[in-house]
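What follows is one structure encoded as structure tokens, with my remarks underneath.
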Amino acid sequence: YVSRDGYVDRYNSSMLKFDFKPVFEQKIGLIYYINSPTKQVFQSDKFKKDVSIPTFIEPVHIISINYEGKILSNLNFHSEGAASFKKSEKAKDVNKDNTAIVSTLDYLIPRIATSFMLEWEHIGKTFENNSLPYIRNSTERYSLAGKKTLFKSFLNVGVQYNFIRQSTFTTTG
């Protein structure tokens, strides 16, 4: 990512991913991710001036579980749940504040070349992922979409509705 002053941000990032062999068209995976700024970032005067939160120095550990599978022949379900932790945090419990969840249902009607998608996303107020280009804490998102293929796959027409709510220290919008 490019920082606000135009230079490339330097981070140490590592990811370890395990995907289990699919069983009855059901797939499960685990991801462990760690992200922290490099020593050069910590030593820069710009970093010391802009960052006043000492906990930023600690690496963020994210543990994620992925699931993807078929519920019925044309109904697919995908979900990913993640929790973020720092060593300084006293409570290491997984709760709604330090988790992020996204779940999607896809339904395809092959006879009429139409699909529907329903999605829900929750990001807790203390969930931390420094690899994202913007902060998405305290966010709830609901999405409903439909897509139709017309003229023997010549034209795809789709409609999507999103409802997004984000809470900050003082307001909800």
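How many of the residues in the range 85-108 are at pLDDT 90 or above and either aliphatic (A, V, I, L, M) or assigned to a loop (DSSP other than H, G, I, E, B) (or both)?
5
Scan PHE47, PHE56, PHE77 and give me the residue that is out of contact with any His (no Cβ under 9 Å at 6 or more places or on another chain) and modelled with pLDDT of 95 or more.
The match here is PHE77.
Looking only at residues that are open to solvent by 40 Å² or more (accessible area, probe 1.4 Å) and either within 13 Å of ASN129 (Cβ to Cβ) or over 23 Å from the mean Cα position of the chain (by Cα) (or both) in the range 59-70, which one is modelled with the highest pLDDT?
Result: ILE63.
Name every residue in the range 115-153 that is over 25 Å from ASN76 (Cα atoms) and of a type in the set (A, V, I, L, M, F, W, C), in order of residue number.
Result: PHE127, LEU132, ILE135, PHE151.
Contact list please: Cβ distance under 7 Å, first residue in the range 157-173 and farther than 12 Å from SER143 by Cα and touching a residue at least 12 places away in the same chain (Cβ under 8 Å), second residue part of a strand (DSSP E or B) and open to solvent by 100 Å² or more (accessible area, probe 1.4 Å), pairs at least six apart or on different chains.
Within 7 Å, the pairs are GLY158/LYS147.
Scan the range 87-111 and report the pairs whose first residue is within 15 Å of GLY124 (Cβ to Cβ) and whose second residue is at pLDDT 75 or above and open to solvent by 100 Å² or more (accessible area, probe 1.4 Å), with Cβ atoms within less than 7 Å and a gap of 6+ or a chain change.
Once the first residue is within 15 Å of GLY124 (Cβ to Cβ) and sits in the range 87-111, its partners that are at pLDDT 75 or above and open to solvent by 100 Å² or more (accessible area, probe 1.4 Å) give ASP97/LYS125.
Give the residue that is nearest to SER103 (Cα to Cα), with candidates limited to residues of the range 134-160 that are open to solvent by 90 Å² or more (accessible area, probe 1.4 Å) and within 19 Å of the chain's Cα centre (by Cα).
Checking each candidate, the answer is TYR142.
The values are calculated or read from the model by the stated rules, or taken from the named source; none is laboratory data. Just so we're clear, the structure is a prediction, and the values are computed from it rather than from any experiment. Cβ sites come from the backbone with ideal geometry, for glycine too, and all protein chains shown count toward neighbours. Ligands, DNA and RNA are excluded from the accessible area calculation, which covers all protein heavy atoms including side chains. Shrake-Rupley method; radii C 1.70, N 1.55, O 1.52, S 1.80 Å.
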